[in-house]
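Data first, discussion second: the structure below is written as structure tokens.
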Amino acid sequence: MDYDEAQRRVLARQERRFRDLVLATKQTAAEPPEGEAAALLARQVMAGRIILTEWNEAVEHWITRVNCLAKWWPELEVNPITEADRATLIEQICYGSYGARDLKDKPVMPVLRDWLLAEQLAVLDEYLPERIEMANGRKARLTYAPDGPPVLSARIQELYGISAKFTLGHGRVPVKIEVLAPNQRPIQVTDDLSNFWREQYPKVKQELQRRYPRHEWR
């Protein structure tokens, strides 16, 4: 059994040998063993020769959240997902497939979600959500990184009326706020909006009003 690069598929082959010397080989119609096929396909995925289209930015963001949960709440006994674990997870995703076409749109998240216990999965969404609701009712997306605090990004108009600090997980993890101009470019990164409104906003307001006159400015 091997991976045929031309067909981009794992094929079963029958060999005729004399001791360790292969005298002849031919393809057979038999399906290769699923576990061995998954291992061969996983190697191709890890090498970048097969693309799992469903393993996207959202998946990477989920993995980062899991690793942050493991780091910030060690008492939950969450296992972080290492590079070696990625290979194992990819092999599990490949299980039952025999070629690149089978993997093109194969779901990824069901396998990844099984990495966590049900209670750990619930805590992940509670402590480290993808979005957070602000005091004015607006919801802002949170970005997590392997190092450093989570970052809340929101346009300046979405932050009007808000001066509180943000935390996650019942106050354990502070959140940085990335204040964005109407063109989505950062103006300031702060963990204290009160200080931003008092010290920084008066300095940038006039220029922002000039550049974006159709937007609301307070």
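The values are calculated or read from the model by the stated rules, or taken from the named source; none is laboratory data. Because the structure is predicted, anything quoted here is derived from the model rather than measured. Here Cβ is always computed from backbone atoms with ideal geometry, including for glycine, and neighbour counts include all displayed protein chains.
Observations on the structure shown:
- Selection within region 12-67 - among the β-branched types (Val, Ile, Thr) and either at pLDDT below 60 or part of a strand (DSSP E or B) (or both): Val22, Thr25, Thr28
- Some residue of region 153-166 being in a strand (DSSP E or B) and loosely packed, with under 13 Cβ neighbours inside 10 Å: no
- Entry remark, region 154-186: residues being touching a strand residue (DSSP E or B) at 6+ places or on another chain (Cβ under 7 Å) and of a type in the set (Phe, Trp, Tyr) number 1 in total.
- Within region 116-138, restricting attention to residues that are assigned to a loop (DSSP other than H, G, I, E, B) and over 16 Å from the mean Cα position of the chain (by Cα), the residue that is farthest from Gln157 (Cα to Cα) is Leu117.
- Restricted to region 53-75, and to residues there that are in contact with an Asp or Glu (Cβ under 9 Å, 6 or more places away or on another chain) and more than 20 Å from Gly148 (Cα to Cα), the residue that is surrounded by the most Cβ atoms within 10 Å (Cβ to Cβ) is Glu54.
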